[in-house]
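A quick write-up on the structure given underneath.
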Amino acid sequence: MTTAGSQSDAAVQFTRPLRLTFRDDLSSTLLSWLVKSFLFVVTFCSVAAVLLIFVFVIRQAAPFFAESRVSPLERLTEFFTSRRWFPEHQAHPEYGILAIIAGSFYVTITSLLIAVPTGLLAAVFLSDIASFRTRQICKPLIEILAAIPSVAYGVFAVMVVAPWLQKNIGFPTGTNALNASLILSVMAMPTIISVAEDALSAVGREIREASYALGATRAETMLRIVIPAAHSGILAAVILGMMRAVGETMVVWMASGNATQIPSPWWDLSQSVRTMTATIAGELGEVPQGTTHFHSLFAIGLVLLIFTFCLNLLSEHFIMQMKKPKR
């Protein structure tokens, strides 16, 4: 009787008729079409914005390579192989960005060497060692680091880290590749920790429990089972962290020293370097529009845009690999 009564109550609460009238069916169809159309427009606007950015940057960079004084091949060769960046020289301006590209890679790779091990250890702690309460406290605090403005990081690098490097390590200048790398590693760490922790948690308890049942310790389970199973997500975390570092502007502009050179010897991080983002930010506002120097900065932006776009595609590939069901 109780079951029949509950079924009767459920039937009374179901007010939508089993057979819709033409008006109800039409309104439902129109509402569904409007929602789908709205979502399509929002998605299309996002894609169109990216394409328009590409078109704009390419149009602004094209005159630099199509200048009548030199052939496009000679311009490309000088652009990617020369270390000399003197675009404002009156007699013989030079537009070589090899040292600038090298500076970007110096600070990016060094920051990843610091951020990836630290971030992966923190992700392992949050996913497998910390209690639920500790995880709920620590993870939001770590993600707050991503909300701090980059200019605040830059001020900290100039006012605190730079004097400390000069005083305690004896560097000739505190604004150098190591200073910028240290701050970039802190800025990339929230992204690496968050994505890597999600990847480790997605592996599931079943695999862990099966490993424990076979006699493996927690360390063996983590090193030989969980981390290899989550390798796609961890690689995606590293690539996203790299994108965060290579696209940063204010910190490297303020903390790297902005010297257009490749450190010699190559491992000497105490020397100043210059990055692509810092070059664009530092010079674009002072260059007359339409000049070769103006278009050369957009050419640097095009190189940076293509590089980050390729990194984004690579990270999406690894994220899709992480979401595939494990067999």
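Bear in mind these aren't lab numbers, they're just calculated from the coordinates by the rules spelled out. Here the structure is a predicted model, which means the values were calculated and not measured. Methodologically, a virtual Cβ is constructed for each residue, glycine included, from the backbone with ideal geometry; neighbour enumeration extends over all protein chains shown.
Structure notes:
- Taken together, the residues in segment 237-277 that are within 19 Å of the chain's Cα centre (by Cα) and among the charged types (D, E, K, R) amount to 2.
- Single unsatisfied condition, Tyr153 versus (1) crowded, with 20+ Cβ neighbours inside 10 Å; (2) aromatic (Phe, Trp, Tyr); (3) under 30 Å from Ala230 (Cα atoms): (3)
- Every test in (1) in a helix (DSSP H, G or I); (2) farther than 18 Å from Val116 by Cβ; (3) hydroxyl-bearing (Ser, Thr, Tyr) is passed by Thr173 save one, and that test is (1).
- Filter result for Phe64 (out of contact with any Lys or Arg (no Cβ under 6 Å at 6 or more places or on another chain), on the phi < 0 side of the Ramachandran plot, buried (at least 16 other Cβ atoms within 10 Å of the Cβ) and assigned to a helix (DSSP H, G or I)): yes
- Any hit, segment 158-168, residues being outside any loop (DSSP other than H, G, I, E, B), charged (D, E, K, R) and touching a Ser or Thr at 6+ places or on another chain (Cβ under 9 Å): no
- Residue ID - surrounded by the fewest Cβ atoms within 10 Å (Cβ to Cβ), chosen from residues in segment 188-203 that are over 16 Å from Leu235 (Cβ atoms) and in contact (Cβ under 8 Å) with a residue 60 or more places away in the chain: Ser201
- Looking only at residues of segment 208-254 that are free of Cβ contacts under 8 Å to residues at least 12 places away in the same chain, part of a helix (DSSP H, G or I) and hydrophobic (A, V, I, L, M, F, W, C), we find that the one that is farthest from Glu197 (Cα to Cα) is Ala213.
- Whichever residue in segment 278-304 is of a type in the set (Gly, Ala, Ser) and closer than 22 Å to Phe54 by Cβ and, among such residues, is nearest to the chain's Cα centre (by Cα): Gly301
- Scanning segment 262-287 for residues that are surrounded by 12 or more Cβ atoms within 10 Å (Cβ to Cβ) and either of a type in the set (A, V, I, L, M) or outside any loop (DSSP other than H, G, I, E, B) (or both) yields a count of 13.
- Of all the numbered requirements in (1) farther than 18 Å from Met242 by Cα; (2) surrounded by 15 or more Cβ atoms within 10 Å (Cβ to Cβ), Pro140 misses one, and that requirement is (2).
- Residues that are of a type in the set (Gly, Ala, Ser), touching a helix residue (DSSP H, G or I) at 6+ places or on another chain (Cβ under 8 Å) and without any contact (Cβ under 8 Å) to a residue 60 or more places away in the chain within segment 78-132 comprise Ser82, Gly96, Ala130, listed in sequence order.
- For segment 173-187, residues that are farther than 20 Å from Thr249 by Cβ and crowded, with 23+ Cβ neighbours inside 10 Å total 0.
- Of the listed requirements (1) small (Gly, Ala, Ser); (2) within 20 Å of Gln60 (Cβ to Cβ); (3) without any contact (Cβ under 8 Å) to a residue 24 or more places away in the chain, Ser264 misses just one: (2).
For every residue, the table says whether it meets (1) under 27 Å from Leu240 (Cβ atoms); (2) in contact with an Asp or Glu (Cβ under 9 Å, 6 or more places away or on another chain).
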| position | (1), (2) |
| --- | --- |
| Met159 | no, no |
| Leu165 | no, no |
| Gly174 | no, no |
| Asn179 | yes, no |
| Ala188 | yes, yes |
| Ile193 | yes, yes |
| Asp198 | yes, no |
| Ala202 | yes, no |
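- Scanning segment 295-308 for residues that are free of Cβ contacts under 8 Å to residues at least 24 places away in the same chain and either surrounded by 14 or more Cβ atoms within 10 Å (Cβ to Cβ) or closer than 19 Å to Val252 by Cα (or both) turns up just one, Leu297.
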